[in-house]
């Protein structure tokens, strides 16, 4: 009874006797007190990193090839099939370093050629002295390089409470491509046999084309980047990657 009688007087003398020392009551979460001791860390990094994958559809337009080679729309086209299309599908990995407006994009990719065998006739006087080309199995290009892109923000994550962001990127860069596989080549012979006839007759190819094993990759890109929350990033872009292309990249930011 004596102890019980003292409690009111202690409480009266020290109205904050049950205070936790930071203005809180015992019923408040402990984290409230720790916030005063160790504030939430701030992210002061100037660079954000991304890793991801990309897929690109690549092609050389028919109108450009028409500058150097005839096609089936020519009334004197000699072969039964038209000139092959030139293009491929590029699949690769990306590593991105970005600040507020600057982006460095580093990539490693493989371009799988979609070109089929066919007749190629340059724009000279004869319609039967062109070459017949047949891609070897696995014809493609192993490429690596780096691009720079300037980023202009359209919708920021701060505008949407960290849920969505959108920006536009414009830039370019350089890379190196190493040719995998080869192109078998048949030519017009001294007896006047066209290359396509010799191919159809089962004659062995005369050579492989003199395409260099190492090729430059020139990039001019423009596209949109979408931020889905703090981590997911999707980029849709098009432009020049030695060939014309459009593609999609998806990655994770950290």
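The values are calculated or read from the model by the stated rules, or taken from the named source; none is laboratory data. Bear in mind that the values here come from a model prediction, so they are computed numbers and not experimental data. Using ideal geometry, Cβ is built from the backbone for each residue, glycine included, and neighbour counts are taken over all protein chains shown.
The table for this structure:
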read-out	value
Residue within the stretch 71-90 that is more than 30 Å from residue 188 (Cβ to Cβ) and touching a strand residue (DSSP E or B) at 6+ places or on another chain (Cβ under 9 Å) present	yes
Among (1) in contact with a helix residue (DSSP H, G or I) (Cβ under 9 Å, 6 or more places away or on another chain); (2) assigned to a loop (DSSP other than H, G, I, E, B); (3) touching a residue at least 12 places away in the same chain (Cβ under 8 Å) - the single one residue 80 does not satisfy	(3)
Tally, over the stretch 103-116, of residues that are within 27 Å of residue 60 (Cα to Cα) and buried (at least 20 other Cβ atoms within 10 Å of the Cβ)	5
Only one of 177, 172 that is over 15 Å from the mean Cα position of the chain (by Cα), assigned by TED's automatic domain parsing to the domain that holds residue 128 and either exposed (fewer than 14 other Cβ atoms within 10 Å of the Cβ) or under 17 Å from residue 106 (Cβ atoms) (or both)	177
Single unsatisfied condition, residue 100 versus (1) part of a loop (DSSP other than H, G, I, E, B); (2) buried (at least 16 other Cβ atoms within 10 Å of the Cβ); (3) within 25 Å of the chain's Cα centre (by Cα)	(2)
Out of 245, 226, sole residue that is assigned to a strand (DSSP E or B), assigned by TED's automatic domain parsing to the domain that holds residue 78 and closer than 25 Å to residue 114 by Cβ	245
Some residue of the stretch 209-218 being free of Cβ contacts under 8 Å to residues at least 12 places away in the same chain and loosely packed, with under 15 Cβ neighbours inside 10 Å	yes
